[in-house]
Amino acid sequence: MSGPDPGGLVLDGVSAAYRGTPVLHEVDLTVDRGELLVVLGPSGAGKSTVLRVVAGLEPVTGGRVRIAGRDVTGSRPGRRNVSMVFQSYALFPHLSVAENIAFGLEVRDVPRRTARERARAAAESVGCAALLDRRPGQLSGGERQRVALARALVREPDVFLLDEPLSNLDLALRVEMRAELRALHDRLGATMVHVTHDQTEALVLADRIAVLRDGRVEQVGTPDEIWRTPATRFVARFVGSPAMNLLPADGPVRPRGDSPPGALVTDTGRLEIGFRPEAVTLDAADGAPATVDRVEVVGEDAYAYLTLAGGEPVVARVPAVRRPHRDDSVRVGVRWADTHVFHAATGLRYRP
Amino acid sequence: MSVRPDARSRRQLALMLTPYLVGLVGLVLLPALVTLGLAFTEYDLLRPPTWVGLDNLTALTDDPIFRVALVNSLVFALVAVPLRVLVALGLALLLHRRALGVGSARGAALLPTAVPEIAYGLLWLWLFNPLYGPINQLLRTGGENGLTVLGRTPPQWLTDPTDARAAIILMSLFTMGETFVVLLAARRSLPRDVYEMAALEDATGWDVFRRITLPLMAPVLALLAVRDVVASLHFTFVPAFVVTDGGPPPYSTTYLSLFVYQTGFEYLRYGYAAAATLVMILLTVAAVVVQWRLFRRYRGFYRL
């Protein structure tokens, strides 16, 4: 999986602007053939712009885009052989589901009967063959989603671009479609770029995740790498819910166990330690004293929102049966092995 | 889904509707009913009307001038209405994007509609002048002896029957400003992602127009066409009155509206004019009903 695969998608130093304002800054991304890359980031990070630049709907102001080994930087959208599923689905309201799916084939002069047969096959593969004669206005959100997927895959493109396709669905359906999407990807062996702001979706779905922030790639890695070794403070805080706790390294919480290599306050600047809520224990003998502000119980888990003596907030995830109560005094402990250390000034990861 | 208004808001509604209803009843409905009644009388505005039953209507069927006016109006509607909508659609599709000069171009497309009708008519009287008018000057460029490049005589706009009818249609094409504005708004309200989708599928401009733009705009186009058919009975009046005065002989540009005007106000046959008006209204209603049925299938398209 190392080195750019000529069969996939390569963004080489791509910059883009929207009405004169830079949106992407020299983005480098490589998606191998058959890989599912999730572009994750908060709104306004430029996630959709990445897709639109790949699709050719937005011009680049610098860099190159290569699809399946072809440089398509200046090519018009129709010549790139990519399919896109829009967040809004962008179904044609006046056409039936069958006509919607077959649209791309028919405008490419595929004979009508062949087009309809392939549309039916595509519809069957995403489970919407029963809807072929309906119009988009008669479909539920989940059904529209399937139709949009069928329309994307009927043409067998080099790259699938999915722009927050699950964001308009309710939670149960989202979870179901997420699994189906992954299964579809594995079955087709398709190269996919999936944009989302939902970190769970990214962790579940992706072969690799690219975390985007303010038009720059913060980190690219497998879901495991993103979770276990976040490259920046931003990635660490963005992935995980509730977000990772962050405290000054010379602050009130002194993690137990072997301390990491190097001094905690270096000459390169102050450091911060981060630890996820699930790494926190509330009954550490030598822990930092804290009081419980509120407790949220979510089934088996409970989230305790604490304030340290110095006023710093900390969130702990504990089993619901052993949850503390409001105004309880607790002692916050964490182990070095469960911490992440970042440079306070740059936000970059300090140790491996 | 409508909410039943309570007594208080109903009183307010009634209060606010009153001025409009008074105007509607006093200025439109009552005169219309009077006209309906007059259609069965003989009335010259001097002596009281006398009841003649269906005489006026039977007389209309034998009236060659009325028949000419009827045919003129139908031909005008059949030719001018589709052309007007097409011109407006073409301009709307050309000018819906933001680009340099688009604002001025939109203004220019609207301007002729804003010119007062009489002034607009007088303007065209000059434009149509067969010898000195700019239109024929233009048509003669490159030709010899006052002929066009193709060696044809330039149109005798206001003296040849066919050319005069074409002139009235030509005049009407430039007053499609309202239609243009509505189509511009309709085009701009179409979702952008649908067009991006089409671009990804490499659809040609013609495919996009035929398979997306036209069907999505069809409901609006249908509505505008219905409106234009109704309005076409009106906007033939001023051009025919000011520019051609119903001529050239034989009554080449006498449309129903002008026929009613001349019969009523010039020949003082008010009852007869009212009968012609009645026929005009019935025709309008028939046209609207037919079109509404033709376009019924376009309703409900906007449910996404």
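The values are calculated or read from the model by the stated rules, or taken from the named source; none is laboratory data. Please read all numbers here as calculations on a predicted model, not as lab measurements. Please note: Cβ atoms are built from the backbone with ideal geometry, for glycine as well, and neighbour counts cover all protein chains shown.
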Output for the range B:262-290, where each listed residue is at positive phi and buried (at least 21 other Cβ atoms within 10 Å of the Cβ): none
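Listed here are the residues, each with its yes/no results for (1) touching a residue at least 12 places away in the same chain (Cβ under 8 Å); (2) over 19 Å from B:F265 (Cβ atoms).
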residue: B:Q12; (1), (2): no, yes
residue: B:P19; (1), (2): no, yes
residue: B:L27; (1), (2): no, no
residue: B:A32; (1), (2): no, no
residue: B:T35; (1), (2): yes, no
residue: B:Y43; (1), (2): yes, no
residue: B:L60; (1), (2): yes, no
Boolean, B:L183 is crowded, with 18+ Cβ neighbours inside 10 Å, on the phi < 0 side of the Ramachandran plot, more than 10 Å from chain A (Cβ to nearest Cβ) and at pLDDT below 90: no
Residue match in the range A:128-138 (condition: within 11 Å of another protein chain (Cβ to nearest Cβ) and either within 23 Å of the chain's Cα centre (by Cα) or small (G, A, S) (or both)): yes
Residue within the range B:142-161 that is farther than 23 Å from B:L184 by Cβ and assigned to a helix (DSSP H, G or I) present: yes
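On the given criteria, is A:R178 in contact with a Ser or Thr (Cβ under 7 Å, 6 or more places away or on another chain) and of a type in the set (D, E, K, R)?
no
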Selected residue [among the basic types (K, R) and assigned to a loop (DSSP other than H, G, I, E, B)] from A:R254, A:R237: A:R254
Tally, over the range A:77-125, of residues that are closer than 16 Å to B:A199 by Cβ, β-branched (V, I, T) and either surrounded by fewer than 22 Cβ atoms within 10 Å (Cβ to Cβ) or within 8 Å of another protein chain (Cβ to nearest Cβ) (or both): 2
Residue match in the range A:57-71 (condition: among the small types (G, A, S) and either facing another protein chain (nearest Cβ under 8 Å) or farther than 30 Å from A:A17 by Cα (or both)): no
Matching option when the condition is touching a residue at least 60 places away in the same chain (Cβ under 8 Å) and either in contact with a Cys (Cβ under 6 Å, 6 or more places away or on another chain) or assigned to a helix (DSSP H, G or I) (or both), among A:R144, A:R151, A:R155: A:R151
Residue within the range B:190-213 that is within 23 Å of the chain's Cα centre (by Cα) and either within 14 Å of chain A (Cβ to nearest Cβ) or in a helix (DSSP H, G or I) (or both) present: no
Looking only at the range A:154-170, and only at residues there that are at pLDDT below 90 and surrounded by 17 or more Cβ atoms within 10 Å (Cβ to Cβ), the one that is farthest from the other protein chains (Cβ to nearest Cβ): A:L169
Some residue of the range B:243-263 being free of Cβ contacts under 8 Å to residues at least 12 places away in the same chain, within 20 Å of the chain's Cα centre (by Cα) and outside any helix (DSSP H, G or I): yes
Residue tally, condition assigned to a helix (DSSP H, G or I) and away from every other protein chain (no Cβ under 14 Å), over the range B:214-236: 13
